[in-house]
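Asker: After the C-alpha cells below, expect a handful of questions from me.
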Amino acid sequence: MSVNSADSPGGPAALDVVLRKAGRTKIRYRADLLHDDGTHLTVRAAWAGAGVRDFGFVRFEPGDVFTEHYWRDRWYAIKEVRDGGGTLKGWYCDIARPATVTADEVVSEDLDLDLWLSADGATVLRLDEDEFAQSGLEAADPQAAAAARAALDELERIARTGGFEALLARRPAAPQGTATTA
C-alpha cells in the first residue's frame, strides 16, 4: 500500500519507531510519517535520547531533528540529522534487517554495524565493527551477517561517491517501458 501522509488532510500521521537490538527494544519513540511507497518509508522525529550523546565526530542533542529512511527490502536505515535551526549535521546509518511496518509502527532490528557521513561529505566512518564481531551473528545467522557486511560496504561506496541525496530522493515510478533520467 502506498501512503503519502504529509499530503493527507490534517497533516502527517504519527507512528511509533521501535529500534531493537539483540532481541530487546532499545528505544521506542513517536514520529511523523512523511512518506510510504510500500518499500521506502520516511519519518521525522525529534532526538529521542536522554540528554546529549557525544560520539566525538557528532553530537546528538535536544532540538535535533531526524528524518529517518527505512526500507522493507534493504539491510539498512539512514537518518539525516539536523540541528534545531535546520543545519545539516550529517547522516547516521544503522545496518539493520529490513524494516517491518504495520499501520502504527515501524520496527528496525539493529545489527551493530553503523556508518557516519558528515554534512560536507568529507568524513565517512565505519563504526562498531568490533561490536558486530562480538555479537555472535556470524555463527548464529551467517546469511544475515553476510547481508549486513554487504550493506555496510554498499553504504560506504555510496557515501564516498556522492552521498545519499539520490538514494533518499523520492521519485515517482515511471510507467513500465518508460525510461527516466536522473
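Asker: Quick one: compute the contact order of region 3-151, relative version, from alpha carbon pairs under 8 angstrom and 6+ residues apart, as a percent.
Answerer: 17
Asker: With θ set to phi - 60° and the Karplus curve 6.51 cos²θ - 1.76 cosθ + 1.60, what are the ³J(HN,Hα) couplings of region 20-28 in order, to the nearest whole Hz, using x for Gly and Pro?
Answerer: 10, 8, 6, x, 10, 6, 7, 7, 9
Asker: So, by mean Cβ neighbours within 10 angstrom, what's the order for 89-102, 132-145 with the highest one leading?
Answerer: Peptide ranking by packing, descending: 89-102, 132-145.
Asker: Let me ask another. For a test of the definition: using alpha carbon positions, the gyration tensor, and the 1.5 limit on a/c, classify region 12-85 as rounded, prolate or oblate.
Answerer: Prolate shape, in that a/c is at least 1.5 and a/b is the bigger ratio.
Asker: Rounded, prolate or oblate: pick one for region 90-142, where a ≥ b ≥ c are the square roots of the eigenvalues of its C-alpha gyration tensor, a/c under 1.5 means rounded, and failing that, prolate if a/b is larger than b/c, else oblate.
Answerer: In terms of gyration-tensor shape, oblate.
Asker: Can you compute the charge dipole magnitude of the chain about its Cα centre, using +1 on each Lys and Arg Cβ and -1 on each Asp and Glu Cβ, nothing else charged? Give it in debye, rounded to the nearest 20.
Answerer: That gives the chain a dipole magnitude of about 240 debye.
Asker: While we're on this one: For the chain, what is the mean residue ellipticity at 222 nm derived from helices alone (per DSSP H run of n ≥ 4: -39500 (n - 2.57); sum divided by total residues; nearest 500 deg cm²/dmol)?
Answerer: Taking each H run of at least 4 residues, the total per residue is -5000 deg cm²/dmol.
Asker: How much area per residue is accessible in the chain when the probe is 1.4 Å and only protein heavy atoms are counted (Å²)?
Answerer: In whole numbers, the chain has 53 Å² accessible per residue.
Asker: Now, a different point. Which whole-Hz ³J(HN,Hα) couplings does region 152-169 yield from phi under the Karplus relation 6.51 cos²θ - 1.76 cosθ + 1.60, θ = phi - 60°, glycine and proline marked x?
Answerer: After applying 6.51 cos²θ - 1.76 cosθ + 1.60, I find 4, 4, 4, 5, 5, 4, 4, 4, 7, 10, x, x, 9, 3, 5, 5, 8, 5 Hz.
Asker: Could I ask something else about it? Students often check this: by mean Cβ neighbours within 10 Å, which of 71-83, 55-67 ranks highest, and how do the rest follow?
Answerer: 71-83, 55-67
Asker: How large is ³J(HN,Hα) for each residue in region 101-116, as worked out from phi by the Karplus curve 6.51 cos²θ - 1.76 cosθ + 1.60 (θ = phi - 60°), to whole Hz, x for Gly and Pro?
Answerer: Taking θ as phi minus 60°, the curve returns 10, 10, 4, 10, 7, 10, 10, 10, 9, 5, 10, 6, 6, 9, 9, 10 Hz for region 101-116.
Asker: Here is a further query. For the chain, compute Rh as the Kirkwood radius over C-alpha pairs and then the Stokes-Einstein diffusion coefficient at 25 °C and 0.890 mPa s; write the answer in µm²/s, rounded to an integer.
Answerer: Once the numbers are plugged in, D ends up at 143 µm²/s.
Asker: Report, by chain and number, residues whose modeled amide H sits under 5 Å from the one on THR100, excluding near sequence neighbours (fewer than 5 apart, same chain).
Answerer: Sorted by chain and number, the residues that satisfy this are VAL107.
The values are calculated or read from the model by the stated rules, or taken from the named source; none is laboratory data. Bear in mind that the values here come from a model prediction, so they are computed numbers and not experimental data. Cβ sites come from the backbone with ideal geometry, for glycine too, and all protein chains shown count toward neighbours. Remember, those area values only see protein heavy atoms, side chains included, never the ligands or the DNA or RNA. Shrake-Rupley method; radii C 1.70, N 1.55, O 1.52, S 1.80 Å.
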